[in-house]
1. Cβ-Cβ distance below 7 Å, separation of 6 or more or different chains: which pairs start in the range 39-61 with a residue that is of a type in the set (Val, Ile, Thr) and end on one that is part of a loop (DSSP other than H, G, I, E, B)?
2. Specify the residue that is nearest to residue 115 (Cα to Cα); the eligible residues are those in the range 3-14 that are in contact (Cβ under 8 Å) with a residue 60 or more places away in the chain and not hydrophobic (A, V, I, L, M, F, W, C).
3. Determine whether residue 95 is touching a Pro at 6+ places or on another chain (Cβ under 8 Å), free of Cβ contacts under 8 Å to residues at least 40 places away in the same chain and not acidic (Asp, Glu).
4. Does residue 97 meet the test of being hydrophobic (A, V, I, L, M, F, W, C), under 15 Å from the mean Cα position of the chain (by Cα) and either modelled with pLDDT under 95 or assigned to a strand (DSSP E or B) (or both)?
5. Would you confirm, using the coordinates I've provided, whether residue 85 is over 25 Å from residue 137 (Cβ atoms), of a type in the set (Val, Ile, Thr) and either in contact with a Ser or Thr (Cβ under 7 Å, 6 or more places away or on another chain) or exposed (fewer than 14 other Cβ atoms within 10 Å of the Cβ) (or both)?
6. Output the qualifying pairs, or none if there are none: Cβ atoms under 8 angstrom, residues six or more apart or on different chains, first residue in the range 15-27 and touching a residue at least 24 places away in the same chain (Cβ under 8 Å), second residue in a helix (DSSP H, G or I).
7. I'm trying to understand the selection: among the residues of the range 64-74, which are in contact with a helix residue (DSSP H, G or I) (Cβ under 7 Å, 6 or more places away or on another chain) and surrounded by 19 or more Cβ atoms within 10 Å (Cβ to Cβ)?
8. Does any residue in the range 113-124 that is under 10 Å from residue 55 (Cβ atoms) come within less than 8 Å, Cβ to Cβ, of a residue that is part of a loop (DSSP other than H, G, I, E, B) and modelled with pLDDT under 95 six or more places away or on a different chain, and which pairs are these?
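The values are calculated or read from the model by the stated rules, or taken from the named source; none is laboratory data. Keep in mind it's a predicted model, so treat the numbers as computed, not measured. As a convention, Cβ positions derive from the backbone with ideal geometry for all residues, glycine included, and neighbour counts pool all protein chains shown.
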Amino acid sequence: MLHALVQVPDLHLAIVGTTEGSPYLQLAEKLGLSERAHFLGYRRDIAEIMQAVDLFVFPSRYEPYGLVLLEAMASGLPVITATTTGAAEIITPASGLVMPDSEDTQALVQALNTLASNPEQRVRMGKASRTVAEQHSWTSMAQSYVDLCEEMVK
């Protein structure tokens, strides 16, 4: 993500999570991103942070489900992720961009440029993301499991 950010000069990045022992602060400085890569540390106000940003990027190398993606979508954010995250399967072309390779910096640059330069598309994708998230709420997923169990008992 930091290497991609170098190539998208008008974008700022908010990074949430513990930074203790992380090499990324030094990498951001080395890449000249100190003014645009904002390491926020561990936070409990994730909902407020998601309301303050324009899009959500999660190009994880591996994540079995990625509840954080669903949370971002529920916040009405367009998402950028990779097929290596389990939640990528629920992202529609209308709600986000899914890269086939989490290591493809140029694909990430293209996705970032696409959304950074098109606020109308971000709004449309954010609304679609919210709709997808509502289809995967705790209540609807629990009901799906109940329905499945009842069907198996019959």
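1. Note: pairs meeting the criteria are 49/43; 53/77; 57/1.
2. The extreme case among them is 10.
3. yes
4. Yes.
5. Considered against the rule, which asks whether it is over 25 Å from residue 137 (Cβ atoms), of a type in the set (Val, Ile, Thr) and either in contact with a Ser or Thr (Cβ under 7 Å, 6 or more places away or on another chain) or exposed (fewer than 14 other Cβ atoms within 10 Å of the Cβ) (or both), residue 85 comes out as no.
6. That search, which allows pairs on different chains as well, returns 15/24; 16/46; 16/49; 27/2.
7. Hits for the range 64-74 are 66, 69, 70, 72, 73.
8. 116/10
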